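Just so it is clear, none of the values below were taken in a lab; they were calculated from the coordinates. Here the structure is a predicted model, which is why all the values come from computation and not from measurement. We place every Cβ from the backbone using ideal geometry, glycine too, and count neighbours over all the protein chains shown.
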Amino acid sequence: MSVIIRENRKEDNKILAKIIRTSFHDFEVSSTNGTVYSDPTTDDLYSLFQTGKSALFVAEEDGLILGCCGIFPTENLPENTTELVKFYLTKEARGKGIGKLLMEKCVEKAKELGYQQVYLESLPEFSKAVSIYEKQGFRYLEKALGNSGHSGCNLWMIKKLD
């Protein structure tokens, strides 16, 4: 496997938006309201991730984009906490350890930027991703933190960084 993990580029916008939205169909997520699916920023992730203390990484193999994962300083999160965001892979890339590579790169970047915790929001339909979160040491929360604008999410987790 010759997968490279790199920072996103402007020319990645269209394919990343497609990968994100296709994932909702792949996992038969019934409602896309209040999720990244209907979020207008999904179509221009490059601009979104020009925000300070944020990063979006892309997994690529032989010029083919396989997925993405990022960290973002979501409004109203506790101090020194970032949100793990836009964690999506193509159907072909799932189950091969690529998601783990992307997540580890994001956790490494979060530490580098001085964050002490990583927060995330998800849906039960994305059970494969949720199991990765559990294995990576994320624990469940009772309610949402911050103001992501993704009111359709009903699973919240957090991980303390070493």
Stokes-Einstein D (µm²/s) once Rh is taken as the Kirkwood radius of the chain over alpha-carbon pairs, at 25 °C in 0.890 mPa s: 157
Filtered GluC sites (Glu not before Pro), the range 71-162: DSSP coil and at most 12 other beta carbons within 10 Å: Glu75, Glu79, Glu142
Whole-Å distance, taken between Cα centres, linking the range 1-47 and the range 51-106: 10
Amide hydrogen neighbours beyond the local backbone of Ala144, cut-off 5 Å, H modeled: none
Amide H within-cut-off set for Leu155, under 5 Å, with H built and near neighbours excluded: Ser122
Sequence-separation-based contact order of the chain, relative, with Cα cut under 8 Å and 6+ spacing, percent: 24
Under 18 Å from Lys135, Cα to Cα: aspartates and glutamates that are on another chain or at least 8 residues apart: Glu83, Glu104, Glu108, Glu121, Glu125, Asp162
For the range 4-160, with +1 on Lys and Arg beta carbons and -1 on Asp and Glu, the positive-most of Gly146, Leu120, Ser23 along the dipole: Leu120
Top of Gly152, Gly63, Gly114 by mean-square fluctuation, Gaussian network on the chain, Cα under 10 Å: Gly63
